[in-house]
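The structure appears right after this line, and notes come after that.
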Amino acid sequence: MARLPFRKTPFPGNGAAAEDSVQDRPARPTPLAPADTIAGRSLTIVIAIMTFLAALAAGAALLVADASVEWRREAAREISVQVRAAPGRDIEADIRAAAEALSKTPGVSAARAFSKAESESLLAPWLGEGLDLSELPIPRMIVVTLDATRRPDLDRLRQDLAKASPAASLDDHRIFVARLGDMARAVVLTTLAVFALIVAAMAVAVISATRAAIDTNREIVEVLHIVGAADRFIAREFQRRFLALGLRGALLGGGAALAFFALARLAADRFRATPGGDQMEAIFGGFALQPVGYGLIVALSAAVAILTGALSRFIVLRRLGRLD
């Protein structure tokens, strides 16, 4: 590592003996890019915070993407049939006919018809509790579970339903699944945009810190450049220093992110039965970050350290190029 010039200053003492003593003492080397400075510690903290936030953004994107796949898979496993009350028709007979037609369809695992009380309870969140709905022509629902290995022919199923019960209509949840996919993609893209902004902010902090370090040691850098030190040698000294700072900050931030997701998983398991826990599980899938996600955070931390060193090297080489 390049060393700063050292100027020997004699200690106040008794004559030549003290001066000889100081001259014989070896000079204490000072690194070109000092290791333990306030600026270095501040940069380490900034990198740790940015790495933590970037890891959170990447982990959240993975959680939402995985949850979206599960949402769409669950929605695609079922279809619903609505049987409306029609004048001159017995709705109970229509329900039985529709359920029988559904049960005979290849690719249908089960067909469960909701009772009248269950159908009325579906309207409670919108109409409120305690209302007498017996006089209203409330449609009845049939929930159909599909075979995971064999999909039914929905067009033919609609025709069979129309013959068995003209008042029945089938909903394959296609629009709902498409909207779920669009929502999940929007959330993932937004999270990735936040991730990119965090990385950009971290890069700006590293660039500013590198320029400040060069300005602090400007005279030394210029002297080394004038006497013929290779630009790559000078840049390598800065790269090593900032690589160490980036690695320290990335380990702190990445380790904190790993601990956060692990603790969030434990907390989600503990509060799973509560309303708030169920809502969080519906959005993030119980914070069940897969091993690939933990590996991504580790890789992200390593990339942050490498990026810190590479940026510092680039800035130093660019500054030295201007000296030429």
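Scanning the range 63-120 for residues that are outside any helix (DSSP H, G or I), within 30 Å of Gln290 (Cβ to Cβ) and in contact with a helix residue (DSSP H, G or I) (Cβ under 8 Å, 6 or more places away or on another chain) turns up just one, Ile79. One residue stands out among those in the range 286-300 that are at pLDDT 90 or above and out of contact with any helix residue (DSSP H, G or I) (no Cβ under 9 Å at 6 or more places or on another chain): the one that is farthest from Ala268 (Cα to Cα), which is Ala299.
Looking only at the range 169-197, which residues are aromatic (Phe, Trp, Tyr) and closer than 30 Å to Pro139 by Cα?
Passing the criteria: only Phe176.
Residues that are among the β-branched types (Val, Ile, Thr), over 14 Å from Ser103 (Cβ atoms) and either in contact (Cβ under 8 Å) with a residue 60 or more places away in the chain or surrounded by 14 or more Cβ atoms within 10 Å (Cβ to Cβ) (or both) within the range 136-186 comprise Ile138, Val177, listed in sequence order. Annotation for the range 184-200: at least one member residue is polar (S, T, N, Q) and either modelled with pLDDT under 80 or assigned to a helix (DSSP H, G or I) (or both).
Residues are listed down the side, and each one gets a yes or a no for (1) more than 30 Å from Ala55 (Cα to Cα); (2) under 39 Å from the mean Cα position of the chain (by Cα); (3) in contact (Cβ under 8 Å) with a residue 24 or more places away in the chain:
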position	(1), (2), (3)
Leu224	yes, no, yes
Arg240	no, yes, yes
Ala257	no, yes, yes
Ala264	no, yes, no
Ala267	no, yes, no
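The values are calculated or read from the model by the stated rules, or taken from the named source; none is laboratory data. Every value quoted in this text rests on a predicted model; they were computed, and no experiment measured them. A quick note on method: Cβ atoms are made from the backbone with ideal geometry, for glycine too, and the neighbour counts reach across all protein chains shown.
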